[in-house]
């Protein structure tokens, strides 16, 4: 089943380094508009694997016979997996990480498209996954009405049932007079109590899950009443409101909730970039450009790495301690000769994740353009 990637999972992948073999990182785009038939994807997959088998990474002079054989087996395992085990099931992309000699095999069907790429290296190539991390993963979608109180959680690009606080209310009394008015007040009191229970349930979930994003689906009438019942914590967690047709299925609910989460991310990006501009402008806790950012990442000072979607730069990495830099020569820490890499962004991502930092792919703004498309907010 297609899914999104979590930060914990990405950190786990960043911590891998091949000790016995070589790691293959393969990305295959499966967007139906680009890959309409299974045959198209198979052809491109085989082309990627053939390209990797002939490339520099798989043909380094220092590779042993066992390592070359291990790579051959990994290439065949990927072909076999795609032919016999992989189920597309709505996936718009696929990532595969393999190093049989080091006992790693990960297959990640993705909810979003990726560009076709393959790398053979000592570490896993993770930069293409960064823009896909989160994307609302774990968000709560709450459907609220006079009777409804349905809680869903976004997992792997789908809404999963979490809790149902739906409470059937009696219909309106159809007789006139005092009894009708009194009965209607009774119904409204029950509705108010129901909404209060749903609000309390949301408060408990927000406190338990922490830092969760909430989208509430409700009519305008219900929103006005429900919003005033929310606790401070629950109200702060709500990133947007929207509405849907009555009795909408989870897939239809996600269609109306997803744009709300996307707008929230775009608004948050504005705030993040503004913080970086302020710090960089006064020479505060910020790095700007490749040289400063790679140095800060290697020194474990990066709290949030920012990069313009699509940028990259040549960089150098110490094979012993992992330190990265724009220039080559020897490592300033241990004197080891630095090795060149065309994937400077991936090196920065690895260093940031390994030291507990976060990464943000800037998609909606061009503010990083003057500093070669990369910067960071620093811890110190």
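What follows is calculated from the coordinates using simple rules that are stated; it is not laboratory data. Please read all numbers here as calculations on a predicted model, not as lab measurements. Here Cβ is always computed from backbone atoms with ideal geometry, including for glycine, and neighbour counts include all displayed protein chains.
Just a few scattered comments:
- Per-residue Cβ neighbour rank within 10 angstrom, fewest leading, 187, 217, 24: 187, 217, 24
- Highest mobility in the GNM of the chain, judged by mean-square fluctuation with C-alpha springs under 10 Å and restricted to 347, 205, 26, is found for 205.
- In the chain, helices alone account for a calculated mean residue ellipticity at 222 nm of -12500 deg cm²/dmol, with every DSSP H run of four or more residues adding -39,500 (n - 2.57).
- The value of relative contact order for the chain, using C-alpha pairs under 8 Å at least six residues apart, is 15 percent.
- Neighbour-count ranking [beta-carbon atoms within 10 angstrom, fewest first] of 318, 22: 318, 22
- For the range 1-130, the gyration tensor built on C-alpha atoms gives an oblate shape. Its axis ratio a/c (a ≥ b ≥ c) is at least 1.5, and a/b is not larger than b/c.
- The share of alpha-carbon pairs in the chain lying farther apart than 29 Å comes to 54%.
- In terms of surrounding Cβ atoms within a 10 Å radius of their Cβ, 212, 144 rank from fewest to most as 212, 144.
- Residue of 298, 341, 47 that the Gaussian network model of the chain assigns the largest fluctuation, springs spanning Cα pairs under 10 Å: 47
- Viscosity 0.692 mPa s, 37 °C: Kirkwood-radius Stokes-Einstein D of the range 285-380 over Cα pairs, µm²/s: 252
- Our note on the geometry: Cα centres of the range 262-309 and the range 40-94, 35 Å apart.
- Relative contact order, percent, the range 140-268 [alpha-carbon distance under 8 Å, six or more residues apart]: 25
- Taking Cα atoms only, the orientation of helix 38-54 departs from the longest principal axis of the chain by about 30 degrees.
- Between the Cα long axis of helix 250-281 and the first principal axis of the chain there is an angle of about 60°, rounded to the nearest 10.
- Acute angle (nearest 10 degrees) that the helix 65-84 long axis makes with the longest principal axis of the chain, alpha-carbon atoms: 30
- D by Stokes-Einstein for the range 221-380, Kirkwood Rh over Cα pairs, 37 °C, 0.692 mPa s: 181 µm²/s.
- Mean-square fluctuations from a GNM of the chain, with a 10 angstrom spring cutoff on Cα atoms, peak among 80, 33, 98 at 33.
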